[in-house]
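What follows is a short report on a single structure.
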Amino acid sequence: MADTVEPLVLDLLEWIGREPRPYSEVIEVWRTSCPRLPVWEEANSRGFVERQHQAGSEALVQVSAAGRAFLRSHRAAREPLPRLAGRVLLRRFRRADLPAFQAYRSDAAVGRYQGWSMQTEPQALAFIEEMSTAPLFPSGLWVQLALADRQTDSLIGDIGICLAADGRSAELGITLSPRFQGRGYATEVLREAIALLLEHSSADRIVCITDARNEASVRLLERAGMRRVATADAVFKGEPCTEHTYAVRRYEGG
């Protein structure tokens, strides 16, 4: 029976993991769909779920720390890329991406508010090759994923992901070729990247930091459902500026 129940326990945790569920809904769904298999009982006995009691309202069921570890151990066995994000494909970099990569990353306007610097062709190729096989979510390190046009698979940008050293939060940063800016592509990418992190990493909080002068970035973050949580003075590329921090938490991100 263990071989039968195990994948169903995984399904249960995936379902609850999107957002806390009322206890009655969990019991109704899982005892109705699997009346002869102790899926709920198994998850509960192994400490994969926990109840959150709130005065005056029904208890909510959420995935526990042990449950999240169980999910991560099973997700680690499969690469979650490539991943579709509307009109864009999130995938690993390839050597063939070099010309397009250099084209938009050599554009001063594209790099104005970005933390990266322009690279020589050998440097860029070395970077692409490194990112093509880099671990997906290493703690405390940035990993860059390619953004490709869904129909042609040609490179149109990239997205940086950095899981914090403690694994509890992650930061995102998007770079897009000028040809694809202002057309909703970045919104599709950001929403899917948030979902990717919440599904396949330990992060419970996703943040993006933007220069307050970058109004297009501010609009993007707000369209994607992120909330401004902090504003601070900073120095960026030797220039004083104001930076906004936007964030979304696990159950806000779905």
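The values are calculated or read from the model by the stated rules, or taken from the named source; none is laboratory data. The model shown is predicted, which means the values in this text are computed figures rather than measured ones. Here Cβ is always computed from backbone atoms with ideal geometry, including for glycine, and neighbour counts include all displayed protein chains.
Among the residues of the range 6-21, those identified as in contact (Cβ under 8 Å) with a residue 24 or more places away in the chain and either within 18 Å of D204 (Cβ to Cβ) or among the aromatic types (F, W, Y) (or both) are L13, E14, I16, G17, R18, E19, P20, R21. In this entry, R191 passes the filter for residues that are of a type in the set (D, E, K, R) and within 25 Å of R94 (Cα to Cα).
Restricting the first member to the range 40-55 and to residues that are part of a helix (DSSP H, G or I), and the second to residues that are of a type in the set (A, V, I, L, M, F, W, C), the beta-carbon pairs closer than 6 Å and six or more apart or on different chains are W40/W30; E42/V5; E42/V9; A43/V9; A43/L12; A43/V49.
In the set R213, R250, R183, R227, only one residue is in contact with a Leu (Cβ under 6 Å, 6 or more places away or on another chain) and of a type in the set (D, E, K, R); that residue is R250. Within the range 146-161, the set of residues being in contact with a Ser or Thr (Cβ under 9 Å, 6 or more places away or on another chain) and under 22 Å from H200 (Cβ atoms) comprises A146, L147, A148, G157, D158, I159, G160, I161. Within the option set L176, L190, L198, being crowded, with 19+ Cβ neighbours inside 10 Å, closer than 17 Å to R112 by Cα and in contact with a helix residue (DSSP H, G or I) (Cβ under 9 Å, 6 or more places away or on another chain) holds for one residue only, L176.
Taking the range 159-183 as the range and being in contact (Cβ under 8 Å) with a residue 24 or more places away in the chain, more than 16 Å from L141 (Cα to Cα) and not aliphatic (A, V, I, L, M) as the test, the residues that pass are T175, S177, P178, F180, Q181, G182.
Can you report the number of residues in the range 56-65 which are without any contact (Cβ under 8 Å) to a residue 24 or more places away in the chain and either surrounded by 15 or more Cβ atoms within 10 Å (Cβ to Cβ) or closer than 30 Å to R183 by Cβ (or both)?
Selection size over the range 56-65: 1.
The single residue among S73, S106 that is of a type in the set (S, T, Y) and surrounded by 12 or more Cβ atoms within 10 Å (Cβ to Cβ) turns out to be S106. Residues of the range 201-230 being closer than 22 Å to G140 by Cα, surrounded by fewer than 19 Cβ atoms within 10 Å (Cβ to Cβ) and polar (S, T, N, Q), which ones? Those that are closer than 22 Å to G140 by Cα, surrounded by fewer than 19 Cβ atoms within 10 Å (Cβ to Cβ) and polar (S, T, N, Q): none in the range 201-230.
Taking helices (runs of 4 or more DSSP H) as the structural unit, those lying wholly within the range 94-198 and holding at least 2 residues that are closer than 20 Å to P80 by Cβ correspond to 121-133. The set of residues from the range 201-218 being in contact with a helix residue (DSSP H, G or I) (Cβ under 9 Å, 6 or more places away or on another chain) and either of a type in the set (K, R) or not in a loop (DSSP other than H, G, I, E, B) (or both) comprises I206, C208, T210, D211, A216, S217. Residues in the range 214-245 that are touching a residue at least 60 places away in the same chain (Cβ under 8 Å) and either touching a Cys at 6+ places or on another chain (Cβ under 9 Å) or not assigned by TED's automatic domain parsing to the domain that holds G111 (or both): S217 only.
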